[in-house]
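Input: a single structure, listed below in structure tokens.
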Amino acid sequence: MTVVIGLSGGEHLYQKIADALSINSIKAETRFFPDGELYLRLPVENLNKEDVLIVQSLYGQPNNKLIEYIFAAKTAKDLGAHRVIGIIPYLSYARQDRRFKPGEAISLKIVADMIYNSGTDQLIVVDMHLHRVRGSELESIFKIPVSNVTAMPLFGDLFKDVVKNGIVIGPDDEAIEFAKAAATKYNGKYTNFSKTRLGDREVNIVADKTIDFSNKDVLIVDDIISTGGTIITAVKLLRELNVKDIYVATTHALLVEGALDKLKNLHLKDLASSNTVPSPITKVDITPVIVEELKKII
Ligand code: R5P
């Protein structure tokens with residue numbers, strides 16, 4: 001038997017996953033004590049030998065959401081779960097995957113250890129920020145099998161006319177993989193810009209001078225929009241390059257610090273995200289991508 005457990009960061013997705021697989025679902029009870037500690041209860045007597053799918057995106061208040069996930073996974077195992085499969089569509093802390101300055105915490109590694117030690121047997125994530133992590137390195141960091149599925153082909157479908165006739169752009173070197181994934185089905189052209197991060201909110205972006213962007217429709221794809229700094233800088237550059245219409249798509253629309261208003265001021269032709277985190281710009285549903293992966297596992 002398999003059951004889906006929805007946590008606070010998976011409220012918008014867990015029932016869709018359960019429905020698609022025709023399996024039972026339960027919603028964890030959570031609340032905060034007056035001092036800020038988390039209370040969690042799985043409303044079941046036991047989970048005898050069940051495969052348990054725990055759905056939790058780590059957005060908004062990533063620390064609280066992470067602790068909630070750890071409590072749920074540990075409790076599921078305590079209650080007799082056979083396997084715990086973590087479905088963490090947005091995995092926060094993936095950007096700090098190295099010690100860039102002496103003494104820094106390698107956040108991704110620490111979070112991976114927490115997930116492993118919670119008893120999680122397998123993990124599904126979506127477009128995890130893997131700028132420096134390659135192939136099997138991911139599973140050696142987490143010490144469990146990890147499926148990193150992608151929303152990018154969904155954006156390729158959503159904006160297929162742009163993909164077929166224009167150019168798909170990843171805003172930094174590593175985002176070429178996202179651009180390729182969005183463009184491949186339609187044999188679309190894709191490329192990437194080069195980005196240097198100047199601070200938490202500021203970036204510098206340059207384009208490949210050999211590519212003629214003038215009068216072309218462009219689709220910018222990225223894994224995360226957080227402050228919007230990256231997209232705003234990329235759009236300004238594209239306007240200087242005299243492109244026609246600009247479309248933007250992101251998997252994880254975190255949209256912090258008024259990013260949505262800033263993006264609206266850019267007069268984009270369209271702005272879309274997946275629903276790995278709830279967002280007002282959601283235009284594609286990640287559920288079928290997650291379910292397809294789950295069917296290989298359960
Ligand atoms: C970083 O390399 C990521 O892929 C995103 O480009 C970045 O997280 C976006 O953040 P922001 O919207 O704050 O520029």
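The set of residues in the stretch 190-227 that are part of a loop (DSSP other than H, G, I, E, B), within 16 Å of the ligand (Cβ to nearest atom) and more than 20 Å from the chain's Cα centre (by Cα) comprises Phe193, Leu198, Gly199, Glu202, Ala207.
Within the stretch 232-242, one or more residues are among the polar types (S, T, N, Q) and within 12 Å of the ligand (Cβ to nearest atom). Only residues that are within 25 Å of Pro288 (Cα to Cα) and of a type in the set (Gly, Ala, Ser) were counted across the stretch 113-135, and they come to 1. The lone criterion from (1) modelled with pLDDT of 95 or more; (2) surrounded by fewer than 23 Cβ atoms within 10 Å (Cβ to Cβ); (3) closer than 19 Å to Ile297 by Cα; (4) acidic (Asp, Glu) left unmet by Asp127 is number (2). In this structure, is Gly80 on the phi > 0 side of the Ramachandran plot, modelled with pLDDT of 95 or more and surrounded by fewer than 24 Cβ atoms within 10 Å (Cβ to Cβ)? Taking the combined requirement at face value, the residue satisfies it. Restricting attention to the stretch 118-160, the residues that are free of Cβ contacts under 8 Å to residues at least 40 places away in the same chain and among the aromatic types (Phe, Trp, Tyr) add up to 1. When residues in the stretch 171-219 are screened for being in contact with a Gly (Cβ under 8 Å, 6 or more places away or on another chain) and of a type in the set (A, V, I, L, M, F, W, C), 10 of them pass. Does Asp19 satisfy the criteria of being out of contact with any Cys (no Cβ under 6 Å at 6 or more places or on another chain) and either surrounded by fewer than 14 Cβ atoms within 10 Å (Cβ to Cβ) or among the aliphatic types (A, V, I, L, M) (or both)? Yes, satisfied. Residue count for the stretch 260-298 under the criterion of being in a loop (DSSP other than H, G, I, E, B), touching a strand residue (DSSP E or B) at 6+ places or on another chain (Cβ under 6 Å), under 17 Å from Ile224 (Cβ atoms) and touching a residue at least 40 places away in the same chain (Cβ under 8 Å): the result is 4.
Looking across the stretch 119-169, the residues that are farther than 19 Å from Thr250 by Cα, away from the ligand (no atom under 15 Å from the Cβ) and among the hydrophobic types (A, V, I, L, M, F, W, C) come down to Leu123, Leu138, Ile141, Phe142, Ile144, Val146. A residue that is among the β-branched types (Val, Ile, Thr) and either free of Cβ contacts under 8 Å to residues at least 12 places away in the same chain or surrounded by 24 or more Cβ atoms within 10 Å (Cβ to Cβ) (or both) occurs nowhere in the stretch 67-75. Across the stretch 246-256, not a single residue is classified as over 25 Å from the mean Cα position of the chain (by Cα) and either more than 15 Å from the ligand (Cβ to nearest atom) or within 17 Å of Phe178 (Cβ to Cβ) (or both). Among the residues of the stretch 161-204, what is the count of those that are of a type in the set (Gly, Ala, Ser) and free of Cβ contacts under 8 Å to residues at least 24 places away in the same chain? So the count comes out to 2.
The values are calculated or read from the model by the stated rules, or taken from the named source; none is laboratory data. Please read these numbers as outputs of a predicted model, since none were measured by experiment. Reconstructed Cβ throughout: ideal geometry from the backbone, glycine too, with neighbour counts over all protein chains shown.
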